[in-house]
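Worksheet: one structure, shown below.
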């Protein structure tokens, strides 16, 4: 009987340990995604603050929107990698597709207008 009780206790402790580690990994993964998004946002804000405006509204718009879209693209990639909501993941995937095209259009316009 003592052997059975000891085996049961060991099994329960092992299960608790595994579940606890699994929960910690999930929380760490969710936290990692949030940290990545925050770092991306802060980096993008610093880059945008460093841009010197040209005084040409069209060029300034294209430069700023390109950076803004890149920041959104970076955040959307984090959502796809770490998010749980299928609805938000689908939205993020659409943003990646659409804003990648818009970044290319803005870059082409900037190259053409040099």
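Brief remarks on what is shown
- In terms of overall dimensions, the C-alpha atoms belonging to segment 47-114 reach 43, 23, 14 Å along their principal axes, ordered largest to smallest.
- Mean Cβ neighbour count within 10 Å, used as a protection proxy, ranking 84-96, 47-59 highest first: 84-96, 47-59
A short reminder: the numbers here are calculations on the coordinates, not readings from a lab. Remember, it's a predicted structure, so these values are computed and weren't measured experimentally. Here the Cβ is made from the backbone with ideal geometry for all residues, glycine too, and neighbour counts use every protein chain on show.
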